[in-house]
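The values are calculated or read from the model by the stated rules, or taken from the named source; none is laboratory data. Model, not experiment: these values are computed from the prediction. Cβ sites come from the backbone with ideal geometry, for glycine too, and all protein chains shown count toward neighbours.
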Amino acid sequence: MSDHDLSPEINFWGDTPEQDYFTLKGITGSKSYFTSPRGLNLFTRSWLPSSSSSPPRGIIFMVHGYGNDISWTFQSTAIFLAQNGFACFALDIEGHGRSDGVRAYVPSVDLVVDDLISFLDSIKKQPKYQTSPRFLFGESMGGAISLLIHFLDPVAFDGAVLVAPMCKISDKVRPKWPIDRILITISSLVPTWAIVPTEDLLEKCIKVEEKKPIAKRNPMRYGGKPRLGTVMELLRVTDYLGKKLKDVSVPFLVLHGSADVVTDPEVSRELYESAKSEDKTLKIYDGMMHSMLFGETDENIEIVRGDIVGWLNDRCGGDRT
């Protein structure tokens, strides 16, 4: 058992037990473990509309970002979507949250994608979900992973919601030569070495000061320096995605804050302009930072949530009845 399995059961919303909180919110939540094809035990959650008598408006497969997990503030968006009639599913990817792996170490994004597809297939096979529209939802690194899933099966999903996606590492922040060559050499020898210098991303993500302590209390949050192998893998994947933006064909909504310094809003603009998708929408929010669905003011979060659920409703037959 790893150290993060021993973390106390606490929640970002306070002392209300989890299931009681879900009931208060009018949804049904569950958690379990999924064994991936390569034998990893991956922690999963679902957030479902309270009514089980009718199929959901749609099913949403959610992918979290680097250093994050699905059991803290990430849940707030899933709960909101379930309240609006969508069945939401997610797992902690390798090295994150309660799943197997070295903390915050992602040796292969391609293998993570395989894990996720296997999990998604297990959901899609269930009879009650076979006729519902299917959507991908990815935050930051999860946005990049969502696009990789799309490329493997371009017609499998009815749309994708990409929140501050890490589609390409901006030239403003990527390592310059010869530093990049040195990092590649060292990472091949000690890929799990947590040495890459960077400020705590939390400070760069969250605008509202009162919300920073809440984020920091997450018992499964990774706040250490990025591991060499993870950084090099993300550079590899985003280099690949940067060249493939023109091949994106899924309907999508991409949302980004203009003040985001973690992922580049100009890359989201490039995705919007380059993608061959006939149905594509770009939202750039003036002054918002990276954490648009938790770290902003409640008023700003309501705006972003409204845009997301409105876009989903328009692709699922209008407003919820």
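Just a few scattered comments:
- Of the residues examined, GLY287 is one that is in a loop (DSSP other than H, G, I, E, B), at pLDDT 95 or above and over 21 Å from GLN75 (Cβ atoms).
- Residues being at pLDDT 65 or above and part of a loop (DSSP other than H, G, I, E, B) - total across region 187-213: 5
- Members of region 218-267 found to be assigned to a strand (DSSP E or B) and modelled with pLDDT under 90, listed by number: ARG227
- Candidate set from region 16-66 (those that are under 22 Å from the mean Cα position of the chain (by Cα) and of a type in the set (A, V, I, L, M)); member that is nearest to LYS128 (Cα to Cα): ILE59
- Flag not set for GLY306, criterion: in contact (Cβ under 8 Å) with a residue 12 or more places away in the chain, surrounded by fewer than 14 Cβ atoms within 10 Å (Cβ to Cβ), under 28 Å from ILE214 (Cα atoms) and among the small types (Gly, Ala, Ser).
- Selected residue (criterion: surrounded by the fewest Cβ atoms within 10 Å (Cβ to Cβ)) from residues of region 105-160 that are small (Gly, Ala, Ser) and more than 23 Å from ASP314 (Cβ to Cβ): SER122
- When residues of region 204-246 are limited to those that are within 23 Å of PHE294 (Cβ to Cβ) and of a type in the set (Ser, Thr, Tyr), the one surrounded by the most Cβ atoms within 10 Å (Cβ to Cβ): THR230
- From VAL254, VAL267, residue being touching a Phe, Trp or Tyr at 6+ places or on another chain (Cβ under 7 Å) and within 22 Å of PHE151 (Cα to Cα): VAL254
- Residue list for region 295-315, restricted to those being part of a loop (DSSP other than H, G, I, E, B) and either closer than 14 Å to SER268 by Cβ or out of contact with any helix residue (DSSP H, G or I) (no Cβ under 6 Å at 6 or more places or on another chain) (or both): GLU296, THR297, ARG315
- Subset tally (residues that are free of Cβ contacts under 8 Å to residues at least 60 places away in the same chain and not charged (D, E, K, R)) for region 241-260: 2
- Look at region 100-119: where a residue is aromatic (Phe, Trp, Tyr) and a partner is modelled with pLDDT under 95, sitting 6+ places away or on another chain with Cβ atoms under 9 Å, you get TYR105/PRO191; TYR105/THR192; TYR105/ALA194; TYR105/ARG227; TYR105/GLY229; TYR105/THR230.
- Of all residues in region 14-63, those satisfying the criterion of being surrounded by 14 or more Cβ atoms within 10 Å (Cβ to Cβ), out of contact with any strand residue (DSSP E or B) (no Cβ under 6 Å at 6 or more places or on another chain), part of a loop (DSSP other than H, G, I, E, B) and not aliphatic (A, V, I, L, M) are LYS25, PRO55.
- Top-ranked residue in region 64-104 [being more than 21 Å from GLU302 (Cα to Cα) and among the aliphatic types (A, V, I, L, M); ranked as surrounded by the fewest Cβ atoms within 10 Å (Cβ to Cβ)]: VAL102
- Hey, VAL267 buried (at least 16 other Cβ atoms within 10 Å of the Cβ) and over 24 Å from ARG134 (Cβ atoms) or not: yes
- Test set (1) modelled with pLDDT of 95 or more; (2) at positive phi - GLY317 fails condition number: (1)
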